[in-house]
Amino acid sequence: MQIRTQNLVATMRSFLRSTRGNVAMMFAIALIPLMIGAAAGLDFARGMLVRQQMSEALDAAALAVGSSTGLTQSSAQTLAQKYFNANFTVDTTAYGTPTVTIPSGGYNSTGSVQLTATDTMPTVLMKLAGITSLPISTTSTVVWGQTKLWVSLVLDNTGSMNQTDSSGTSKISALQTAAHQLLTILQNAASTAGDVQVSIVPFSKLVKVGTGYVGASWIDWTDWSAAPPNPSSSPSGIPATTGPGDSCPWTTSSDGFRCRPTPTSSSTTSTIPSSGTYTGYICPSPISTYTSSGSLAGKGGHHFNGCYTSVDAGTKTTVSSGSSASCNGYTNCSCSGNGSNTVCKATNYNHVWTVNATSTWAGCIMDRTQSYDTDVTSPSGGSLYPAANDDNCPVASMMTLNYNWTNLGTEIDSMVANGSTNQTIGLQHGWATLTSGSPYSAPALPANTTQYIILVSDGLNTQDRWYGDGSNQSSSVDTRMSAACTNAKAAGVVIYTIFVDLNGTQGSSTVLQNCATDSSKYFDLTTSNAVITTFNQIAQQITAVRVSR
């Protein structure tokens with residue numbers, strides 16, 4: 001018995017000292033947590049892939065909600081789930097069916113939407129540890145209209161905008177419809193009043209700033225108040241003997257204009273008034289002749305804002321003498337003496353150019369002196385903005401930057417098509433409305449604000465202050481336009497250009513194409529209604545519905 005006990009003890013001691021099989025046993029014991037860890041890693045990797053797919057589908061759903069209008073929080077959530085399901089490509093049987101929710105206050109119809117997607121993904125290997133599912137969630141926030149926008153609408157109001165396409169829609173009416181829709185989109189894009197502001201610049205040959213600026217220090221009245229060139233029939237000036245009742249000293253064929261009965265009359269007369277308030281007034285009519293050279297170059301439709309008065313000088317000029325003497329057609333003439341002593345004398349007049357009151361100004365501005373016509377240098381000295389009365393003065397006045405959406409809409413409605421095309425002056429004033437300081441006193445550019453010009457024109461440049469006949473394309477006007485576009489883009493303004501060319505009869509506008517910031521921002525349209533869809537496309541681009549996180 002004692003021997004058996006000793007043998008047992010020895011055997012036990014030998015077992016304890018033995019290392020044979022320990023590695024296998026230790027590996028077997030360690031294998032359990034290793035397998036659980038590996039299972040967790042695989043299931044977590046599956047979960048990450050599902051979460052990535054959920055995030056992409058949720059971003060698409062949030063963008064769809066952000067691009068829609070008129071939604072309530074409930075309808076926004078329904079739409080979000082629909083778009084999420086369409087974009088979530090994972091096998092829902094194996095990975096679960098995610099649910100999309102919008103938290104309370106997570107939808108703002110004019111600013112943002114926040115979506116959350118949650119899923120309970122069934123596990124595969126982690127079931128060995130008793131874990132049957134993993135919760136997965138992701139959030140997407142989309143904002144629109146958060147970047148501040150300053151937008152200048154530079155809109156062609158020239159006579160050709162009355163042209164209609166095959167549907168009977170005129171270009172000017174389509175432009176008005178499109179502009180109204182654009183204003184609505186821009187208004188809805190502003191999460192805070194004033195984040196989006198708009199200026200409107202209707203243009204033809206001139207831009208109408210409005211008579212409210214009549215006292216502005218940046219207006220130059222030199223050209224507006226200038227006397228006409230001397231009549232061709234009398235290079236030294238109006239003949240001294242010309243006065244009340246005499247024939248107008250100007251002829252349309254020679255001088256490009258005639259007389260009118262009053263300083264602001266729209267009619268013409270062949271005779272200087274001999275009675276009434278304007279007795280003896282010699283008032284030039286607007287220039288009716290288009291020329292490309294000389295003192296009247298580029299001035300077709302220009303008004304002279306004043307008249308020459310005829311004041312008796314107290315002296316007379318002998319026009320004939322002798323037995324056959326007569327006044328020879330002089331109206332203010334008398335003869336004295338008899339026979340060979342007869343003398344006929346015409347009254348002499350002093351002719352003084354008298355400028356109309358500035359209250360007769362229609363509110364229009366012509367191109368600034370070159371090269372200020374292509375930039376926004378603060379006006380002073382020779383760079384002031386010259387006042388003009390002209391047959392090409394637009395009916396609608398421009399509006400500076402503001403966010404009074406009702407007034408902006410009223411301005412759009414007031415546009416009337418008339419006059420020749422000078423895209424340069426429209427662009428220059430549109431750029432000026434986005435610039436602080438004179439003439440339009442825009443505020444300092446706020447942080448995160450993008451400046452845009454949307455320029456719409458239906459024709460080729462035909463006339464500015466110096467060049468063009470108002471009917472045919474002028475390469476000289478195009479040159480001024482190109483310089484203005486280059487300068488504005490260099491200053492950071494993003495330019496969209498739209499060329500409305502019905503049926504493509506004029507071909508592409510090279511100057512507008514080159515003026516756009518890039519090729520994607522130039523549009524060549526062949527129907528009036530295409531203006532509406534193009535404005536909507538631009539509106540979506542500049543209001544930038546986007547994922548913020």
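Using each residue's phi in the range 462-472, evaluate 6.51 cos²θ - 1.76 cosθ + 1.60 at θ = phi - 60° and report the 3J(HN,Hα) Karplus result to the nearest Hz, with x for Gly and Pro.
Coupling constants for the range 462-472: 10, 6, 10, 5, 10, 10, x, 10, x, 10, 10 Hz.
Under a point-charge model restricted to the Cβ atoms of Lys and Arg (+1) and Asp and Glu (-1), what is the dipole moment magnitude of the chain relative to its Cα centre, in debye to the nearest 20?
Rounded to the nearest 20 debye, it is 2280 debye.
So what is the calculated 222 nm ellipticity per residue for the chain, using -39500 (n - 2.57) for each DSSP H run with n of 4 or more, over all residues, to the nearest 500 deg cm²/dmol?
-9500 deg cm²/dmol
I'd like the Karplus ³J(HN,Hα) series for the range 392-404: coefficients 6.51, -1.76, 1.60, θ = phi - 60°, whole numbers in Hz, and an x wherever there's a Gly or Pro.
In residue order, the calculated couplings are 9, 5, x, 6, 8, 7, 6, 10, 6, 3, 6, 10, 8 Hz.
How tilted is helix 530-543 with respect to the longest principal axis of the chain? Cα atoms for both, answer in degrees (0 to 90, nearest 10).
Once rounded, one gets 50 degrees.
I need the peptides 204-216, 256-268 ranked by packing, meaning the mean over residues of other C-beta atoms within 10 angstrom, with the highest value on top.
Averaged packing, sorted descending, gives the order 204-216, 256-268.
Quick one: what do you get for the range 358-497 if you divide its Cα Rg by 2.2 N^0.38 Å?
1.05
Any idea which of Thr269, Gln473, Pro443 is furthest toward the positive side of the dipole for the chain, if Lys and Arg beta-carbons carry +1 and Asp and Glu beta-carbons -1?
Result: Pro443, furthest along the dipole toward the positive end.
Compute the Rg/Rh shape ratio of the range 252-360: radius of gyration over Kirkwood radius, all on alpha-carbon atoms.
Rounded to two decimals, Rg over Rh is 1.11.
Bins of 5 Å, beginning at zero and ending with the bin holding the largest distance: percent of Cα pairs per bin for the range 147-211, please.
Spelled out bin by bin, the range 147-211 gives 4, 15, 21, 19, 17, 13, 9, 3, 0 percent.
Quick one: pull the percentage of alpha-carbon pairs in the chain with a separation above 42 Å.
When all Cα pairs of the chain are counted, 48 percent exceed 42 Å.
If amide H atoms are built 1.01 Å from N in the plane of the peptide, which residues on other chains or at least 5 residues away come under 5 Å of the amide H of Thr435?
Ala442
HN-Hα J couplings of the range 477-485 from phi, Karplus 6.51/-1.76/1.60, θ = phi - 60°, integer Hz, Gly and Pro as x?
So the Karplus estimates, Gly and Pro as x, are 5, 4, 5, 5, 4, 4, 5, 5, 4 Hz.
Using modelled amide H (1.01 Å from N, peptide plane; none on Pro or chain starts), what sits under 5 Å from the amide H of Lys148, excluding residues fewer than 5 places away?
Correct list: Thr450.
With a 10 Å radius around each residue's Cβ, average the other Cβ atoms per peptide and rank 79-91, 315-327, 423-435, highest first.
The most tightly packed comes first, giving 423-435, 79-91, 315-327.
Show the residues, 5+ positions off or on another chain, whose built amide H is closer than 5 Å to the amide H of Tyr349.
Thr241, Thr242, Ala313
Kindly work out what percent of the DSSP beta bridges joining two residues of the chain are antiparallel, to the nearest 5.
60
Could you rank the peptides 405-416, 477-488 by their average count of other C-beta atoms within 10 Å per residue, with the highest value first?
Per-residue mean Cβ counts within 10 Å order the peptides as 477-488, 405-416.
Rule-based calculations on the coordinates, nothing more; no lab input. In this text, all values refer to a predicted model and were calculated from it rather than measured experimentally. All Cβ positions, glycine included, derive from the backbone under ideal geometry; neighbour counts span all protein chains shown.
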